[in-house]
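Throughout, read-outs are computed from the coordinates displayed, never taken from laboratory work. What you are looking at is a predicted structure, and each value in this text was computed from that prediction instead of being measured. Counting neighbours? That spans all protein chains shown, and the Cβs are built from the backbone with ideal geometry, glycine included.
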Amino acid sequence: MRPLFIRINPESETAIFLQLIFEIKRLVVIGELEQGDELPSVRSLSGDLGINMHTVNKSYKLLTEEGILEKTTKGFRVGSAEQRHLSGEREQDFDERLRQILIDAAVFNVTYEGFSQKQAKLTEEIMRGDN
């Protein structure tokens, strides 16, 4: 298993379990983690990152509920794209975050074209692994 580059900022206002979820999703998006790849054990990753095992377990569990990870007899691995789903509470959360971004865009007079350009630029950066 190759090492994962996961960035956790203990000083951030964002909960560590949410940072870990974001980082795993980011690694899937940029192709560092692919379908079938095994993730480090809860104990191993918590030790590597210096965070609580329960935090890692919570993140893995939530990613499993979304279909991003799947539980195996050995631990967790990346699931197939077909298993991923945005439903229920996650869909509402997604819609709310998007609504906040769109309101901010309107408040700061970001045009549709400007918004589209920013989205394209950020997508490109993400795919290159810049963030």
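Taking Cβ atoms as reference points and 13 Å as the exclusive limit, the residues near SER87 contribute a net charge of -4, counting Lys and Arg as +1 and Asp and Glu as -1. For ASP37, the residues whose amide H sits under 5 Å from its own are VAL78, ignoring neighbours fewer than 5 places away on the same chain, with H placed 1.01 Å from N.
Could you work out the local net charge near VAL56, counting Lys and Arg as +1, Asp and Glu as -1, over the other residues with Cβ closer than 12 Å to its Cβ? Could the numbers behind the result be given before it?
Numbers: positive: ARG43, LYS58, LYS61; negative: GLU23, ASP48.
With Lys, Arg at +1 and Asp, Glu at -1, the net is +1.
Considering helices alone, the calculated mean residue ellipticity of the chain at 222 nm is -18000 deg cm²/dmol, with DSSP H runs of length four and up weighted by -39500 (n - 2.57) and normalised per residue.
For region 40-46, putting each phi into the Karplus relation 6.51 cos²θ - 1.76 cosθ + 1.60 with θ = phi - 60° gives couplings of x, 4, 4, 5, 5, 5, 5 Hz, in residue order, rounded to whole numbers and with x for Gly and Pro.
Could you state the per residue volume, in Å³, of the convex hull enclosing the Cα atoms of the chain? Numbers along the way, then the final one.
Numbers: hull volume 17.1 nm³, N = 131.
Convex hull of Cα atoms, per residue: 131 Å³.
Expressed as a fraction of 2.2 N^0.38 Å, the value expected for a compact globular protein of N residues, the C-alpha radius of gyration of region 22-68 is 1.12.
Among residues other than VAL28 with Cβ under 13 Å from its Cβ, the summed charge is -2 (Lys and Arg +1, Asp and Glu -1). Axis angle, to the nearest 10 degrees, between helix 112-128 and the longest C-alpha principal axis of the chain: 20 degrees.
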